[in-house]
């Protein structure tokens with residue numbers, strides 16, 4: 001993966017050099033830069049939006065336009081009002097494309113709500129490229145409604161959104177989890193068990209401890225994660241539930257936050273440095289245990305060693 005990034009970086013910087021020397025189109029019309037691009041590579045392109053060469057800036061913006069790269073939105077708006085007409089024109093074109101996509105997204109989502117054939121898959125393919133972070137709830141609603149082989153195209157949309165918005169990475173396990181249908185009786189049963197687990201079992205046995213065995217730590221985090229995922233999936237259903245259930249939901253959420261924070265303060269015993277067996281109490285990803293403590297490989301959260 002790192003070698004692919006390095007190759008892309010070299011490819012892009014070579015193209016920048018060509019454009020700086022007067023060879024037009026080496027960035028904006030470079031098929032390799034388009035087909036090999038990944039959202040994680042935006043930080044490779046971004047510095048060239050400040051390049052002293054207006055032509056390099058223009059071609060970088062045109063490339064971003066062809067890629068439909070929404071991470072560049074604020075950056076493009078910032079340079080749009082420069083004194084150079086060449087740059088202004090490219091930025092205006094980029095913004096028109098993004099605005100057109102914004103108008104298209106609700107229509108594509110509506111198709112996916114009401115179709116299950118070729119139109120569904122066509123809409124999903126388009127949304128995979130242009131869907132935004134704000135579209136996650138709507139896409140997840142569709143994900144909960146479809147069955148069978150229709151689930152994968154919707155999952156692909158959610159995965160692509162996470163890739164375009166790195167700040168969502170710590171929520172990956174939540175966003176990609178299975179939505180649940182409203183069922184107040186089942187939720188109340190789950191909340192009662194969750195409250196008992198955190199407020200009684202965890203509090204009595206572990207809340208005051210300064211150290212904890214790695215296997216127990218992992219078991220607790222696994223339980224916390226299950227509670228977190230269920231609360232995340234029930235949030236959209238709260239409008240169907242009674243005030244009493246909502247109050248119990250809020251109590252469970254507060255207990256979970258407290259429990260996760262309390263667990264982070266403990267020293268985890270019985271794991272060799274470099275062994276990946278810890279689980280992050282925040283995002284649920286694996287943690288690496290080094291001489292400096294536990295470090296989450298996704299959200300970079302640190303806990304005591």
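So here's what we get for this one:
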item: Inter-residue pairs, beta-carbon under 7 Å, first in the same structural domain as residue 165 (by TED's automatic domain parsing) and in contact (Cβ under 8 Å) with a residue 60 or more places away in the chain and in the stretch 131-144, second surrounded by fewer than 18 Cβ atoms within 10 Å (Cβ to Cβ) and in a helix (DSSP H, G or I), 6+ apart; result: 137/236
item: Scope the stretch 135-166; condition closer than 25 Å to residue 252 by Cα and surrounded by fewer than 19 Cβ atoms within 10 Å (Cβ to Cβ); matching residues; result: 137, 141, 144
item: Checklist (1) surrounded by fewer than 12 Cβ atoms within 10 Å (Cβ to Cβ); (2) closer than 22 Å to residue 42 by Cβ applied to residue 106, failing item; result: (2)
item: Hey, residue 166 in contact (Cβ under 8 Å) with a residue 12 or more places away in the chain, within 20 Å of residue 39 (Cα to Cα) and within 14 Å of the chain's Cα centre (by Cα) or not; result: yes
item: Residues located in the stretch 215-225, provided they are surrounded by 14 or more Cβ atoms within 10 Å (Cβ to Cβ) and either farther than 18 Å from residue 175 by Cα or more than 19 Å from the chain's Cα centre (by Cα) (or both); result: 216, 217, 218, 220, 221, 223, 224
item: Lone qualifier among 218, 233 - being part of a helix (DSSP H, G or I), under 30 Å from residue 268 (Cβ atoms) and in contact with a strand residue (DSSP E or B) (Cβ under 9 Å, 6 or more places away or on another chain); result: 218
item: Condition met for residue 231 (touching a helix residue (DSSP H, G or I) at 6+ places or on another chain (Cβ under 7 Å), crowded, with 19+ Cβ neighbours inside 10 Å and either over 18 Å from residue 192 (Cβ atoms) or modelled with pLDDT of 95 or more (or both)); result: yes
item: Residue 248 vs. criteria outside the structural domain of residue 171 (by TED's automatic domain parsing), in a helix (DSSP H, G or I) and either under 12 Å from residue 188 (Cα atoms) or at pLDDT below 95 (or both); result: yes
item: Elements of type helices (runs of 4 or more DSSP H) in the stretch 135-213, at least 1 residues being modelled with pLDDT under 95, in contact with a helix residue (DSSP H, G or I) (Cβ under 6 Å, 6 or more places away or on another chain) and within 26 Å of residue 261 (Cβ to Cβ); result: 151-164, 172-175
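The values are calculated or read from the model by the stated rules, or taken from the named source; none is laboratory data. Since we're looking at a predicted model, the values are computed, not measured. No Cβ is skipped: glycine too gets one built from the backbone with ideal geometry, and neighbour counts run over all protein chains shown.
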